[in-house]
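Written out below as structure tokens is the structure these notes cover.
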Amino acid sequence: MDKHILDQYIDACALIKETEKDIQKLRQKKRTVIQTNVSGSNPEHPYNPQHFKIQGTTFTFREDSQLRMEEKLLEKRKEDAEKIKTRVEEWMNTIPVRMQRIIRYKVFEGMTWQQVAKKMGRKATEESVKKEFQRFF
């Protein structure tokens, strides 16, 4: 595992959130139903007026197919991003706890080396934490 996969992890987490929002928008669009009232009469005698409620979607069958295809693509994108996220999280569980913390602070939270050293405590310095990270990779 190299440092580049950690950057992919951050992007994968962001992509999962963005894709979930896109899927929600798509599903909301599919749920849009229009309803109206129409008047008519009984086709047989006696011809008394009647009122009917009509409802349906605002898109055609072709557009519905397109929406379903887009939703499948978004689900696939989300699934791929979740695989990257899971792979990194499994790897993180196999490395020393101290390095997990350093990686979490520096890479995932975007802290400076000075901030990481302060969080690590135990007289850790900016340079010592940075070297420890570099040696690990």
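Every number in this text was worked out from the coordinates using simple rules, so none of it is lab data. Model, not experiment: these values are computed from the prediction. Because the Cβ atoms are built from the backbone with ideal geometry, glycine has one as well, and the counts that use them run over all protein chains shown.
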Checklist entry - Where a Cα-Cα gap under 17 Å defines reach, which lysines qualify for LYS29, not counting those fewer than 8 residues away within the same chain? => result LYS21, LYS72
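Multiplying the sequence separation of VAL38 and PHE61 by 0.36 nm and subtracting their Cα-Cα distance, what value in nm do you get? Display every interim value, and only then the final one.
Numbers: separation 23, 0.36 × 23 = 8.28 nm, distance 2.32 nm.
Using 0.36 nm per residue and subtracting the Cα-Cα distance, I get 6.0 nm.
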Checklist outcome for this item: HN-Hα couplings for the range 122-137 via Karplus (6.51, -1.76, 1.60; θ = phi - 60°), in whole Hz with x for Gly/Pro, come out as 6, 6, 6, 10, 4, 5, 5, 5, 4, 5, 4, 5, 5, 5, 4, 8
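Based on the Cα coordinates of the range 1-80, what is the per residue volume of their convex hull in Å³? Intermediate values should be presented prior to the final figure.
Numbers: hull volume 6.9 nm³, N = 80.
Enclosed volume per residue, from the Cα hull, is 86 Å³.
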Checklist entry - Which whole-Hz ³J(HN,Hα) couplings does the range 29-36 yield from phi under the Karplus relation 6.51 cos²θ - 1.76 cosθ + 1.60, θ = phi - 60°, glycine and proline marked x? => result 4, 5, 7, 5, 10, 9, 10, 8
Next on the checklist: Averaging over every viewing direction, what projected area does the convex hull of the Cα atoms of the range 63-137 cover, in nm²?
Outcome noted: 6.5
Checklist entry - Can you give the convex hull volume of the alpha carbon atoms of the range 96-137 per residue, in Å³? => result 60
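Between THR86 and ARG31, what FRET efficiency comes out of the Förster formula 1/(1 + (r/R0)^6) with R0 = 30 Å and r the beta carbon distance, rounded to 0.05? Walk me through the intermediate numbers first.
On the way: r = 31 Å, r/R0 = 1.02.
Approximately 0.45, to the nearest 0.05.
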Next on the checklist: Here are labelled values, [x] 19.8; [y] 14.9; [z] 14.3, and one is the computed Kirkwood radius over Cα pairs in Å for what I pasted. Which one?
Outcome noted: [x]
Checklist outcome for this item: For the range 80-96, Karplus-derived ³J(HN,Hα) couplings (6.51, -1.76, 1.60; θ = phi - 60°; whole Hz; x for glycine and proline) come out as 5, 5, 5, 5, 4, 4, 5, 4, 5, 5, 5, 5, 4, 6, 8, 9, x
Item to check | the range 9-66: GluC sites (Glu not before Pro) in DSSP loop, at most 13 other beta carbons within 10 Å | outcome: GLU44
